[in-house]
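Below: one structure, written as structure tokens.
Each reported figure results from applying straightforward, stated rules to the coordinates on display, with no laboratory input. Keep in mind it's a predicted model, so treat the numbers as computed, not measured. Quick reminder, even Gly has a Cβ in these numbers, built from the backbone with ideal geometry, and neighbours come from all protein chains shown.
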Amino acid sequence: MAKILIVEDDSNLREAYINVLEIDGHSLVGVESVSEAIESLSRVTPDVVFLDMQLLDGSGRAVLSFIHRVSCLSHTKIVVVSGYVDLRAQAVRNWGADSFLAKPFTVADLKFTLSNLNISRASA
């Protein structure tokens, strides 16, 4: 199963991700800020990052930039999560995200997005 980092400042939503995906056997870490995300990414190489774009201490774009600069994270899949659906094309084309998940989403949407990432265990 996948190693997943959830970067989400809404604690209820972050816990919902974790509860839903742990049931499927995934290993999860949840953080709420840019600084915590970068600290976590400096220690662990996740297979997938679910990344909210509006965080407590800044923009998710800072996390995207960090991921793209660190070579050991090159196989990490990035799912940009946002309530601003108009960011979908920009997230994939310009920011280097692998997928986009629009808020609000269902459990089925979350699992479908994860299943379509074709996760390579090379990063494990």
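Spin-label model, Ser42 to Glu22: label points 7 Å out along the Cα-to-beta-carbon direction sit 2.6 nm apart. Labels on offer are (1) 24; (2) 36; (3) 31, and the one holding percent of Cα pairs over 22 Å apart computed from this structure is (1).
Computed extension gain for Val85 through Cys72, at 0.36 nm per residue and net of the alpha carbon distance, reaches 1.7 nm. Relative contact order of the chain, taken over Cα pairs closer than 8 Å and 6 or more residues apart, is 24 percent.
Positive contributions from Lys and Arg (+1) and negative ones from Asp and Glu (-1), summed over other residues with Cβ under 15 Å from the Cβ of Val63, come out at -3. Springs join every pair of Cα atoms under 10 Å in this Gaussian network model of the chain, and among Val44, Val63, Val107 the largest mean-square fluctuation is at Val107.
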